[in-house]
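The structure is given below, and queries will be raised subsequently.
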Amino acid sequence: MAFKVWLQRGGQWIKQAMPGYCAFCLAPASAGRGWCATCLGELPWNLQPCRQCADPVAHGDSLCGHCLIDPSAFSTTQAGLLYQEPIKQLVHDFKFQASPRSGTLLAELMLLTPPATQVDALLSVPMTATHARARGFNQSYWLAESLSSQLGVPVVSARWIKDSPSQRTLNRRYRRMSS
Ligand SMILES: [Zn+2]
Ligand SMILES: [Zn+2]
């Protein structure tokens, strides 16, 4: 890894590891939060989501082109933030570095835009035993448990019984076919 990239990654880790300071800019954080008011306002909020899949849509549209042509089996998706920086880095640090503060921040940010309707249970995307061993722990289950205690909703677990290609590498149609 180039020295510059290493320094940037180190800086990011230090920022995220300091309670009391904003995880994004290192200014003093808002009381009881992991971020400052300025950074919170500048996060990539998903302001115009598709009602079904939560992909961003043009102003005034309720469904995206995908959902109009090839609707998914689920009826609604909640995604308060877009997968853009600095959220992308936060997800990456939690997923691949198992950074506990990144996980806590993600859970707290998710709770700022909870589902509009009451849900009966939370189900994290299950991991295969191979993936769980490679990652060290199950990040999505950890997130579901954090949200569960805050929302007062139980977590139900599922087991992946078929080894399939990583979802990250598949497009929407193949994701559905592989699950
Ligand atoms: Zn900040
Ligand atoms: Zn959609």
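When you go through His131, His59 one by one, which is the residue that is more than 16 Å from ligand 1 (Cβ to nearest atom) and closer than 23 Å to Val155 by Cβ?
Only one candidate qualifies: His131.
Can you list residue pairs whose Cβ atoms sit under 9 Å apart, with the first residue in the stretch 37-64 being more than 10 Å from Gln78 (Cα to Cα) and the second being more than 16 Å from ligand 1 (Cβ to nearest atom) and acidic (Asp, Glu)? Count only pairs 6 or more apart in sequence or on different chains.
Gln48/Asp61; Cys64/Asp55
Quick one: which helices (runs of 4 or more DSSP H) lie wholly within the stretch 29-104 and hold at least 2 residues that are exposed (fewer than 14 other Cβ atoms within 10 Å of the Cβ) and more than 16 Å from ligand 2 (Cβ to nearest atom)?
37-42, 87-97
Still on this structure, I have one more. Taking the condition polar (S, T, N, Q) and in contact with a helix residue (DSSP H, G or I) (Cβ under 9 Å, 6 or more places away or on another chain), does Ser102 pass?
Yes: the conditions hold for Ser102.
From the set of residues in the stretch 128-152 that are assigned to a loop (DSSP other than H, G, I, E, B) and either under 17 Å from His92 (Cα atoms) or acidic (Asp, Glu) (or both), which is nearest to the chain's Cα centre (by Cα)?
Asn138
Check whether at least one residue in the stretch 120-127 is of a type in the set (Val, Ile, Thr), touching a Ser or Thr at 6+ places or on another chain (Cβ under 8 Å) and modelled with pLDDT of 90 or more, and report yes or no.
The answer is no; no qualifying residue exists.
Let me spell it out: the conditions are (1) basic (Lys, Arg); (2) closer than 15 Å to Gly34 by Cα; (3) at pLDDT 90 or above, and Arg101 meets all of them except one. Which number is the exception?
Single failed check for Arg101: (3).
The values are calculated or read from the model by the stated rules, or taken from the named source; none is laboratory data. This structure is a prediction, so every number in the text was calculated from the model and none was measured. Note that each Cβ is placed from the backbone with ideal geometry, even for glycine, and that neighbours are counted across all protein chains shown.
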